[in-house]
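K.L.:
Take this structure first; my questions come after.
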Amino acid sequence: MTGLLVFGCILLVLLLLLLCPVCVDFRYEESLNIRLRYLFFKKNLMPGTAKPTPKVKKPAKTEKKEASKGQAGSTFSFKSLKDRHGISGLLSLLEDALRLIKTSTVRLLSHLRLKKFDLYLCIGGLEDAAAAAIQYGQLSAAVYSLCGGIFSLMPCKRKGVTVDLDYGTTESRAVATATLSMSPLFVLREVGPLLFGGIPLLWRLIRGGSNHKTISLKKGESK
């Protein structure tokens with residue numbers, strides 16, 4: 001009984017952790033900054049810390065020859081895959097893979113939440129006021145239309161879009177912040193079917209395309 005209680009508590013904690021959203025913060029002001037947040041964990045994804053690039057030794061001629069031989073004899077080269085499956089077989093595999101990825105991507109995007117969105121654009125009109133006014137009108141129409149489309153796909157309560165015109169400066173400015181969030185539970189729920197659906201495709205790619213060859217022969221006979 002105690003073991004079941006402990007097991008149930010562990011499952012409950014795991015469920016709560018999976019329900020806690022993962023947030024990605026975007027900020028652009030002269031440079032793009034991206035930060036990942038989950039509970040108390042924070043990680044800057046961009047710009048990040050620059051690491052020194054290690055010196056790479058130039059490979060010898062014999063190593064280059066061996067590498068070229070290995071690439072030529074690779075079982076996953078385009079020539080070997082074309083000989084094994086045929087063009088129709090490769091196209092069929094590509095269509096199935098794209099269909100699987102599209103379905104999983106659409107489901108994942110349906111669970112993506114836009115928590116915050118703020119965009120500020122300012123056009124400098126000190127040099128040419130008339131040209132700046134025309135640019136202001138064109139930019140306003142494009143930006144508000146684009147943001148309206150984004151908000152129709154992902155509703156956001158904390159949002160703000162401003163296009164401004166400043167006749168006292170020549171410089172234009174752009175400041176944008178956004179926060180996207182998604183529950184890890186939905187990610188795991190969609191990644192699982194994607195992996196299980198991708199295994200048969202990978203098996204078909206490795207095994208060969210005898211079925212596709214017979215289909216192409218039948219099509220040739222019918223013609």
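K.L.:
From the residues in region 181-223 that are out of contact with any Gly (no Cβ under 8 Å at 6 or more places or on another chain) and assigned to a loop (DSSP other than H, G, I, E, B), which one is modelled with the lowest pLDDT?
P.N.:
The qualifying residue modelled with the lowest pLDDT is LYS223.
K.L.:
Under the condition of being under 10 Å from LEU165 (Cα atoms) and assigned to a helix (DSSP H, G or I), which residue from region 124-133 is farthest from the chain's Cα centre (by Cα)?
P.N.:
Looking at residues that are under 10 Å from LEU165 (Cα atoms) and assigned to a helix (DSSP H, G or I), I get ALA129.
K.L.:
Filter region 96-154 down to the residues that are in contact with a helix residue (DSSP H, G or I) (Cβ under 6 Å, 6 or more places away or on another chain) and crowded, with 16+ Cβ neighbours inside 10 Å, then identify the one that is nearest to GLY192 (Cα to Cα).
P.N.:
Going through the qualifying residues, I end up with SER104.
K.L.:
Under 8 Å between Cβ atoms, at least 6 apart or on separate chains: pull out the pairs that start in region 126-139 with a residue that is assigned by TED's automatic domain parsing to the domain that holds THR169 and end on any residue that is surrounded by 11 or more Cβ atoms within 10 Å (Cβ to Cβ) and of a type in the set (Phe, Trp, Tyr).
P.N.:
Pairs that qualify, where the first residue is assigned by TED's automatic domain parsing to the domain that holds THR169 and the partner is surrounded by 11 or more Cβ atoms within 10 Å (Cβ to Cβ) and of a type in the set (Phe, Trp, Tyr), are LEU126/TYR167; ALA129/TYR167; ALA132/TYR167.
K.L.:
What number of residues within region 19-37 satisfy the criterion of being surrounded by 15 or more Cβ atoms within 10 Å (Cβ to Cβ) and out of contact with any Lys or Arg (no Cβ under 6 Å at 6 or more places or on another chain)?
P.N.:
So in region 19-37, the residues surrounded by 15 or more Cβ atoms within 10 Å (Cβ to Cβ) come out as 21-27, 33-35, 37.
Among the residues that remain, those that are also out of contact with any Lys or Arg (no Cβ under 6 Å at 6 or more places or on another chain) are: 21-22, 24, 26-27, 34-35, 37.
Counting residues in region 19-37 that are surrounded by 15 or more Cβ atoms within 10 Å (Cβ to Cβ) and out of contact with any Lys or Arg (no Cβ under 6 Å at 6 or more places or on another chain) gives 8.
K.L.:
Still on this model: Going by what's in this entry, would ALA178 be described as outside any helix (DSSP H, G or I), touching a Lys or Arg at 6+ places or on another chain (Cβ under 7 Å), farther than 18 Å from THR105 by Cα and at pLDDT 80 or above? Break it down into steps so the answer makes sense when it comes.
P.N.:
Numbers: outside any helix (DSSP H, G or I): yes; touching a Lys or Arg at 6+ places or on another chain (Cβ under 7 Å): yes; farther than 18 Å from THR105 by Cα: yes; at pLDDT 80 or above: yes.
Judged against the criteria, ALA178 is a match.
K.L.:
Just one of ARG107, ARG158 is assigned by TED's automatic domain parsing to the domain that holds GLY198, of a type in the set (Lys, Arg) and in contact (Cβ under 8 Å) with a residue 24 or more places away in the chain; which is it? Quick ask: steps written out before the conclusion?
P.N.:
Working: ARG158 fails: assigned by TED's automatic domain parsing to the domain that holds GLY198.
None of the other options fit; the residue is ARG107.
K.L.:
I would also like to ask the following. Being surrounded by 15 or more Cβ atoms within 10 Å (Cβ to Cβ), farther than 30 Å from ASP118 by Cβ and among the small types (Gly, Ala, Ser) is the filter here; which residues of region 171-206 pass it?
P.N.:
GLY197, GLY198
K.L.:
Could you tell me whether LEU112 is touching a Phe, Trp or Tyr at 6+ places or on another chain (Cβ under 8 Å) and under 30 Å from LEU11 (Cβ atoms)? Reasoning before the result, please.
P.N.:
On the way: touching a Phe, Trp or Tyr at 6+ places or on another chain (Cβ under 8 Å): no; under 30 Å from LEU11 (Cβ atoms): yes.
So LEU112 does not fit the description; no.
K.L.:
Related question: Could you check TYR136 against (1) in a helix (DSSP H, G or I); (2) within 20 Å of the chain's Cα centre (by Cα) and say which number it fails?
P.N.:
Only one criterion is unmet by TYR136, namely (2).
K.L.:
Is it true that some residue in region 40-63 is of a type in the set (S, T, N, Q) and modelled with pLDDT of 80 or more? Before you say what the answer is, go through the steps one by one.
P.N.:
Filtering region 40-63 for residues of a type in the set (S, T, N, Q) gives 44, 49, 53, 62.
Checking which are modelled with pLDDT of 80 or more leaves us with 44.
Checked region 40-63: at least one residue is of a type in the set (S, T, N, Q) and modelled with pLDDT of 80 or more.
The values are calculated or read from the model by the stated rules, or taken from the named source; none is laboratory data. All figures in this text were calculated on a predicted structure; none of them were measured in a lab. Cβ atoms come from the backbone with ideal geometry, glycine included; neighbour counts cover every protein chain shown.
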